[in-house]
1. If you wrap segment A:38-125's Cα atoms in a convex hull and average its projection over all directions, what's the area in nm²?
2. Across every pair of different alpha-carbon atoms, what Kirkwood hydrodynamic radius in Å does segment B:316-416 reach?
3. Work through the residues other than B:Ala374 whose Cβ is under 12 Å from its Cβ and net out their charges, Lys, Arg +1 and Asp, Glu -1.
4. Select from A:Val100, A:Val13, A:Val61 the residue whose mean-square fluctuation is largest in a Gaussian network model of chain A (Cα-Cα springs shorter than 10 Å).
5. Report for segment A:9-133 the percent antiparallel among DSSP-assigned beta bridges with both residues inside it, nearest 5.
6. How large is the dipole of chain B about the Cα centre if only Lys and Arg carry +1 and Asp and Glu carry -1, each at its Cβ, rounded to the nearest 20 debye?
7. What average count of beta carbons from other chains do you get within 10 Å of the Cβ of residues in B:274-287?
8. Which value, in Å to one decimal place, does the Kirkwood hydrodynamic radius take for segment B:27-148 when every pair of different Cα atoms is included?
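Read-outs throughout are calculated quantities, based only on the coordinates presented, and are distinct from any laboratory measurement. Owing to the predicted nature of the structure, the values given are computational and were not obtained by experimental measurement. We place every Cβ from the backbone using ideal geometry, glycine too, and count neighbours over all the protein chains shown.
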Amino acid sequence: MSDRDQVDAAERVVVDQPETQSLLGLLMRNILADNMADDTKYARVRDLVADIQVQASDMVVTLRFAGGTLTIVKGPSEKPRARVRGGLGAFLRVATGGGVIGPVLAGEIAIGGNPFVLLRLLPLLHVASEPGH
Amino acid sequence: MREFLEQLLGTENVLHEPEDMAAYREDFTEVEPVDPGLVAFVTKTEQVQAIVRKAGKQGMPVTARVAGTNIGGLALASEGGLILDLSRMNRVVEVNADDMYAVLEPGVTQQQIKDHLRENDLPLTLGFSLAPPYTSVALNALMGGLTNRSLKYGDQSLWISGLEVVLADGSLVRTGSWALSDSAYGLVPFPDLSGLFIGWVGTTGIVTKVVFQLWPLHPLNKRLFILSYGIKGTYDAMRRLCRTETCDDIGGLSWPSAKMMLGVKRPHPEPAAGDPIFFLYVDLTAETVAEMAAKEDVLRDVLSEVRRGGERFEAPLEVGELVKVNPGLAAFADFPTDLEFLTSHGGGGLTWIGTYGPLSRFAEAAEAGSAVMARRGFAPLIVSRPMRGGHFGVLRLISIFDKKDADEVRRVRELNLELLRLLQARGFIMYKTPAWAWKELAPKIDPGMLSLMRRVKGLLDPAGIMNPGKLGLD
């Protein structure tokens, strides 16, 4: 990666107001940043403009895609294009390699809104095998 | 004194220039820095004896220390006094695997003993405190500190089965069975003279060897995290789990600790809406898979029982899975650990009101303490663990601050005073007590006990050279 790419990768995920950010947002930051540093995965969302609302138990964050950057914002979105809701344990299982279809069919994870937007998000939610690659 | 020390130890083992002694003049806390006069590195008991005799003749105060990380200024010298650095007195003198005890010099660190036992294939452990790996095992125990075996076995001082101590006149004593037997199996049947040196923060003698009882290390280990949405539920679960006698360790940590592990240097005093308020970590160990499964069943049953009372928890999560998601949580994956986030926040300041008290009052004390901390602009960082089967526990209200900001230092001193009074009013007692806190405690201590402490101190240190000013008795 060139120096320019390295700087870009570091700026692709931003946490809004970290001192007051939700625990969910902080937990998600690492996975999202590692995956967004992967140019192949990043290419799939670079042009995405959307709010995706994620709720784990009572914790709610909005993943705001715009201008090639993903900003993790505390709280719900006024106009989410997609929504994901479930227990924290279910999300962790998805993140650590479990598929998402099973938890959805079992009712552990509920999805709503534009499924195609969610499909673009999905690769960013798995723990990267080699971050930044 | 300097010439004497240099002749005894070699000039390379004596510090006298202020810039060389800078690391010894202050600690993490808001306690005022103190400039020592000399720092001496010792490696042998005979050196400690000679130095103490000389210091006694000259009336020079002596403060012994290893890492100096206690939160309370207890390892700071008296002005112009001598610091006896015991960090190089670090031999694992003996490990008796059959009778499960180890003889350690005071400089032996947590990581060192862990490595030693592992390298020698000994399935034994001393447990580990939350202090960094480079801190002294012995000094933690001598100050009544705890480890991740304290739920089962009490504070670490209870595992001491013998001491070797240099008294203020330079004489050497042994306590415990090894004063007579070739086996350092325990303290009984002698009167417990070890108690003259435990909890006295070096004001009655300098300990040069500690015999520790070791505990079995089981082959299967699991650490589980349970996010909790209420303080009451957290401590209800903690107390109920204690009664099942299935856990090796239980920790209750408030939400700022999770955020700090995840990279937020100074969390806001209020939690985010919807966030869990506490997390419990539970350590389970077992000899067999079936035993581990049975213990996990007990844990789930306890959580279900507490949930039926209206409390909310997430399902238990294995720490390994959490660390995969965010490596910042690795700080809690294995012990000993370095909770760097407590001091690497730029301001460098770390202080707490750390107390022991009755577990039945933890919820109320944690609620009240959290409210005070938030009102004063500090995130309510709380660490709590039950000890000795749940008879009591440790409740620490922790504050981080900027040591270079005089106003923040003032605010944290005011906060600590208010928290100390709040907890004391609820029956909690500060451990590893800083000198400033003794002024609050001493007037309330049973006069007979205080008088006896003064008499013991006077008997063992008539010249008053042993870490003076640290126990509120001077």
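1. Convex hull of Cα atoms, orientation-averaged projection: 5.5 nm².
2. With all distinct Cα pairs of segment B:316-416 included, I get 15.4 Å.
3. Charge balance near B:Ala374 sits at 0.
4. A:Val100
5. That works out to approximately 70 percent antiparallel.
6. 1220
7. What the average comes to for B:274-287 is 2.
8. Hydrodynamic radius (Kirkwood, Cα pairs) of segment B:27-148 is 15.6 Å.
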